[in-house]
Structures are given as C-alpha cells and as structure tokens.
Amino acid sequence: MAKPRSYGLLCPIARGLDRIGDRWTLLILRDLLAGPARFTDLQKGLTGIAANLLTDRLAKLLADGLVAKVEGAHGAMLYELTDRGAATRDIIFELAIFGAGFDPEGDIVAPGNLRTVAVTLGTACQRVVTAAYDFEAAIVINGEQMTLKARNGRAEMLYRASTAPDVSLETSYDALLKVSEGELDLTAFVTDRCLVNVRTPGKDTEMFALLTSAIGEFSG
C-alpha cells in the first residue's frame with residue numbers, strides 16, 4: 001500500500017477526508033453499500049480503475065476499519081463494510097444529490113454495474129419509509145437484479161436477486177434516471193416504462209407509494 005497522504009489538520013472534516021477523500025475511495029464505499037462484493041465485482045463496476053489502484057484503496061479502507069474481508073459462499077473472498085464504513089451512506093447520498101446538479105463533462109462512461117442505483121434509491125426509501133410498509137420487491141434494471149425490502153419501519157435495497165418477492169418491477173436505468181431528475185412524469189414512468197408482476201395483491205400499490213415518496217427525496 002502506498003504511503004497515505006494527510007492534510008495533517010485537526011479539523012474533523014480534514015480527518016474524514018484523510019480516510020475517504022482519495023480518488024475512487026467514495027465510489028468503492030458506494031458500491032459496497034449495495035452489499036458485499038468480490039474484488040472482480042468491484043473492478044467491473046468501477047469502470048476505468050486499475051487493479052493495483054483498487055488493491056491500494058481497499059488496503060487503506062481495511063487499515064482504517066471501514067471495510068472487512070469475509071468468506072462468502074463456496075469460499076469466495078468478499079469485501080463488506082463495517083459499521084463505520086456503512087456510516088458513509090448519508091454522505092454518499094447527499095453527494096449524489098449535489099452531483100446531480102451539474103451537467104456531465106467529457107466522454108460519458110456508463111457504470112459497469114448498477115450498484116449505485118441500489119444505494120441511492122435504497123437510501124431515499126429508508127428516509128421516507130414508515131411502519132405501514134411491509135413488502136419485498138424484485139427490482140430489475142437493465143437486466144440487473146436487486147431486492148427492495150420494507151418492513152418494521154426500515155427499508156433496504158441490495159444488489160442481489162430477491163428470493164421471495166411480493167411484487168416485481170422491471171425498468172431501464174434511463175427511465176429511472178429521468179424520473180428521479182424530473183425529466184419524466186411519474187405516471188408515464190409507471191404506465192409506459194415499467195413491467196410489473198404482482199404475486200401478493202396490493203403490494204404493488206405499497207411499492208409504488210414508497211418509490212414515489214423516495215423519488216421526492218432526489219429533488220429535496
């Protein structure tokens with residue numbers, strides 16, 4: 001691991017940036033907020049990062065106690081966030097809101113996977129969820145499977161397939177991005193840009209009610 005550079009300041013903001021301010025670090029944390037991942041999963045999602053740089057960033061996150069290594073199914077080594085690492089969720093969500101106010105610059109590169117959707121939409125759902133919601137939804141965006149759960153006043157969205165969904169929703173990343181940024185009417189999104197399959201009656205209504213409230217979080 002390369003010797004880390006530090007601001008060397010007492011300011012807690014500077015100390016925070018000493019841990020998460022390097023290039024790619026916040027994006028690694030972003031992707032791990034969607035659930036544990038293998039090294040290759042992270043590299044695929046972080047389009048453009050070199051393997052040696054990802055290794056260096058992960059080593060620093062491990063040393064700082066923000067990320068841990070765990071053994072997954074079939075002995076695969078996974079990276080997952082510690083409680084301290086997971087505490088960056090609101091920071092990353094607010095940064096997403098801030099960044100959405102700027103036009104993209106240069107050549108636009110699509111993300112290698114859509115873990116970012118699970119993080120931002122899941123955080124927005126958590127901010128507005130109430131105990132009235134009780135469902136599990138399979139969310140499929142551009143063919144990538146995610147799970148949205150809302151139970152006991154908590155909501156989470158993970159980058160993995162749902163095992164027992166009450167309802168499923170299939171849409172595109174483009175449509176979801178447009179509706180979250182106010183370029184697509186929510187009614188048009190639901191009627192024209194989504195494919196819905198209901199297994200438990202009424203749970204589609206719950207899902208769309210939560211998503212509608214969550215999308216409002218993106219506009220402040």
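A few notes on this one:
- The listed residues are 67, 117, and the only one of them that is of a type in the set (Val, Ile, Thr) and modelled with pLDDT of 95 or more turns out to be 67.
- Within the stretch 178-212, restricting attention to residues that are among the hydroxyl-bearing types (Ser, Thr, Tyr), under 18 Å from residue 148 (Cβ atoms) and at pLDDT below 95, the residue that is surrounded by the most Cβ atoms within 10 Å (Cβ to Cβ) is 180.
- Taking each residue of the stretch 144-156 that is more than 17 Å from residue 34 (Cβ to Cβ) and looking for partners that are β-branched (Val, Ile, Thr) and not in a strand (DSSP E or B) with beta-carbon atoms closer than 8 Å, six or more apart or interchain, yields 153/129; 153/130.
- Residue in the stretch 119-130 that is farther than 18 Å from residue 31 by Cβ and in contact with a Gly (Cβ under 7 Å, 6 or more places away or on another chain) present: yes
- Test result for residue 35, part of a loop (DSSP other than H, G, I, E, B), under 28 Å from residue 149 (Cβ atoms) and not aromatic (Phe, Trp, Tyr): yes
- Test: residue 58 is in contact (Cβ under 8 Å) with a residue 24 or more places away in the chain, within 26 Å of residue 160 (Cα to Cα), in contact with a helix residue (DSSP H, G or I) (Cβ under 6 Å, 6 or more places away or on another chain) and of a type outside the set (Asp, Glu): no
- Members of the stretch 106-122 found to be surrounded by fewer than 22 Cβ atoms within 10 Å (Cβ to Cβ) and β-branched (Val, Ile, Thr), listed by number: 108, 109, 116
- In the stretch 100-120, the condition of being part of a helix (DSSP H, G or I), assigned by TED's automatic domain parsing to the domain that holds residue 209 and more than 21 Å from residue 47 (Cβ to Cβ) is met by no residue.
- Flag if residue 175 is touching a Pro at 6+ places or on another chain (Cβ under 8 Å) and surrounded by 13 or more Cβ atoms within 10 Å (Cβ to Cβ): no
- Looking only at the stretch 57-89, and only at residues there that are charged (D, E, K, R), buried (at least 16 other Cβ atoms within 10 Å of the Cβ) and out of contact with any Pro (no Cβ under 7 Å at 6 or more places or on another chain), the one that is nearest to residue 19 (Cα to Cα): 64
- Residue in the stretch 69-79 that is in contact (Cβ under 8 Å) with a residue 24 or more places away in the chain, of a type in the set (A, V, I, L, M), part of a helix (DSSP H, G or I) and over 26 Å from residue 181 (Cα atoms) present: no
The values are calculated or read from the model by the stated rules, or taken from the named source; none is laboratory data. A quick note: this is a predicted structure, and the numbers were derived from the prediction, not measured. With ideal geometry, Cβ positions are generated from the backbone for all residues, glycine too; neighbour counts draw on all protein chains shown.
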